[in-house]
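J.: Right, I'll just put the structure down here and ask away after.
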Amino acid sequence: MNHSPLPPALPDTDRTRHRRLRDQGSLERAALEAILDAGFTCHLGVVVDGHPMVVPTVYGNDGRSLYFHGSVASRSLIASPEATVCVTVTHIDGLVLARSVFEHGVNYRSAMIYGVPRLVTDPEEKLEGLRRLTEQAAPAQWDYARRPNRKELAATVLLALSLEEASVKIRTGGPDDGDGPDAALGIWAGVLPLISTWGEPETDPLLPAGVEPPDHIAARGGTRLG
Ligand SMILES: Cc1cc2nc3c(=O)[nH]c(=O)nc-3n(C[C@H](O)[C@H](O)[C@H](O)COP(=O)(O)OP(=O)(O)OC[C@H]3O[C@@H](n4cnc5c(N)ncnc54)[C@H](O)[C@@H]3O)c2cc1C
C-alpha cells in the first residue's frame, strides 16, 4: 500500500475537466475529501458485457483510495478490476426554485472519480478496507460487532479505486433570475433546503430484554448526515 499523500490540487485531465457550469467546479482535493467524508454511499458505474451498469453501493475511504465490497458473484465488482469505472458521490442540499422553470436547479456537492480498480488480495489490506467501509457508515461499529471470519472473507470481493483522478462540483445559493426580466413576475422564489437526519435506533425485537443500543449508535439519533 502506498501511504504518500495525494497532491492538494485535483488533476486536470480530459475526463475531469469541467466544461458546463464551470463556476461550480472545484479543483481542491480538500473539497473532494469533505464530500467523501460526508457520506457513505456512491454509485459505481461500469460497463459489464458491453452494457453500462450504475450500481448503488457503500464505500470506505482512506484518503488515497475508495474501497468497495460485495459478493464474489457480484457482476459489477467482478468486471471492475479490468475496466475503467466512474464512481459518483452526491449530496443534495436543496431545491433552487426560481421564477422560471428554466432556471430551477439543485444545491449540491458531488464528486466523480475515474480509474481502474484494484482487486485487494492481501489479507491485511482486505481487513483494513472492510474496516474502513464499516467505519464510514457506522463509526466505532468495527470494534463493537463481530468481525468477518475466514469463510465470510472468502465470499467477499474488495476493490480499491485510487482517488487520484477525480472532479468536484458544488452549487450553493439562491436562484439566478432575481435581477432578470422574470423578477417582475412577483412570484415566490428561493431555496427549499434538504437536510437528512438519523432517526432514533429501532431495537431488533428478537433481542433479549435489556440489550440497549451502544452509545456510538444511540448518540447518532437526531444528528445530521452529510
Ligand atoms: C442532483 C443533481 C441534479 C442535477 N440535475 C441536472 C440537470 O437536470 N441538468 C443538468 O444539465 N445538470 C444537472 N446537474 C449538474 C450535472 O451533474 C453536471 O454538472 C452537468 O450537467 C454536467 O454537464 P455535462 O454532461 O455536459 O458534463 P461536462 O461538463 O462535459 O463534464 C465534464 C467533467 O466535469 C466533471 N463533472 C461534471 N459534472 C460533475 C458533477 N456533478 N460532479 C463532479 N464532477 C462533475 C466530470 O469529471 C466530467 O467528466 C445536476 C447535479 C446534481 C448533483
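J.: Pull out all pairs, ordered by first then second residue, where Cβ-Cβ is under 6 Å, the residues are six or more apart or on different chains, the first lies in the stretch 114-133 and is exposed (fewer than 15 other Cβ atoms within 10 Å of the Cβ), and the second is of a type in the set (Val, Ile, Thr).
T.: Val116/Thr84
J.: Still on this model: Filter the stretch 99-113 down to residues that are within 24 Å of the chain's Cα centre (by Cα) and buried (at least 17 other Cβ atoms within 10 Å of the Cβ) and give me whichever is nearest to Pro193 (Cα to Cα).
T.: The first filter runs over the stretch 99-113 and keeps only residues within 24 Å of the chain's Cα centre (by Cα), leaving 105-113.
Still in the list and also buried (at least 17 other Cβ atoms within 10 Å of the Cβ): 105, 107-113.
Numbers: Gly105: 12, Asn107: 8, Tyr108: 10, Arg109: 13, Ser110: 16, Ala111: 20, Met112: 23, Ile113: 26 Å.
Filtering first and then ranking leaves Asn107.
J.: What number goes with the only condition from (1) surrounded by fewer than 17 Cβ atoms within 10 Å (Cβ to Cβ); (2) in contact with a strand residue (DSSP E or B) (Cβ under 9 Å, 6 or more places away or on another chain) that Asp93 does not pass?
T.: Among (1) surrounded by fewer than 17 Cβ atoms within 10 Å (Cβ to Cβ); (2) in contact with a strand residue (DSSP E or B) (Cβ under 9 Å, 6 or more places away or on another chain), Asp93 violates only (1).
J.: Quick one: how many residues across the stretch 12-26 are more than 8 Å from the ligand (Cβ to nearest atom), in contact (Cβ under 8 Å) with a residue 24 or more places away in the chain and surrounded by fewer than 16 Cβ atoms within 10 Å (Cβ to Cβ)?
T.: Count: 1.
J.: For the stretch 187-206, name all the residues that are among the hydrophobic types (A, V, I, L, M, F, W, C), assigned to a loop (DSSP other than H, G, I, E, B), more than 21 Å from the chain's Cα centre (by Cα) and surrounded by 10 or more Cβ atoms within 10 Å (Cβ to Cβ).
T.: Across the stretch 187-206, the qualifying residues are Ile187, Ala189.
J.: In the stretch 26-40, what count of residues is obtained for those that are outside any helix (DSSP H, G or I) and among the charged types (D, E, K, R)?
T.: The number of residues fulfilling the criteria is 1.
J.: Cβ-Cβ under 6 Å, sequence separation 6+ or interchain: first residue in the stretch 194-212 and in contact (Cβ under 8 Å) with a residue 12 or more places away in the chain, partner surrounded by fewer than 11 Cβ atoms within 10 Å (Cβ to Cβ) and part of a loop (DSSP other than H, G, I, E, B). Which pairs?
T.: Once the first residue is in contact (Cβ under 8 Å) with a residue 12 or more places away in the chain and sits in the stretch 194-212, its partners that are surrounded by fewer than 11 Cβ atoms within 10 Å (Cβ to Cβ) and part of a loop (DSSP other than H, G, I, E, B) give Trp198/Thr223.
J.: Of the residues in the stretch 6-39, how many are among the β-branched types (Val, Ile, Thr) and either assigned by TED's automatic domain parsing to the domain that holds Asn61 or touching a Lys or Arg at 6+ places or on another chain (Cβ under 6 Å) (or both)? Even if it seems obvious, please write down each step before you answer.
T.: Step one: of the stretch 6-39, the residues among the β-branched types (Val, Ile, Thr) are 13, 16, 35.
From the residues that got through so far, the ones that are either assigned by TED's automatic domain parsing to the domain that holds Asn61 or touching a Lys or Arg at 6+ places or on another chain (Cβ under 6 Å) (or both) too are 35.
Count: 1.
J.: Considering every residue within the stretch 37-46, establish whether at least one is over 19 Å from Val85 (Cβ atoms) and away from the ligand (no atom under 12 Å from the Cβ). Reasoning before the result, please.
T.: Pass one, the stretch 37-46, residues over 19 Å from Val85 (Cβ atoms): 37-38.
Within this subset, residues satisfying the condition of being away from the ligand (no atom under 12 Å from the Cβ) are 37-38.
The answer is yes; a qualifying residue exists.
J.: What's the total number of residues in the stretch 131-163 that are part of a loop (DSSP other than H, G, I, E, B) and closer than 18 Å to Glu82 by Cα? Steps first, please.
T.: Initial filter on the stretch 131-163 (part of a loop (DSSP other than H, G, I, E, B)): 138-149, 155, 163.
Okay, now just the ones that are also closer than 18 Å to Glu82 by Cα, so 163.
The qualifying residues number 1.
The values are calculated or read from the model by the stated rules, or taken from the named source; none is laboratory data. No experiment lies behind these values; they were computed from the predicted model shown. Don't worry about glycine lacking a Cβ; one is built from the backbone with ideal geometry, like all the others, and counts go over all protein chains shown.
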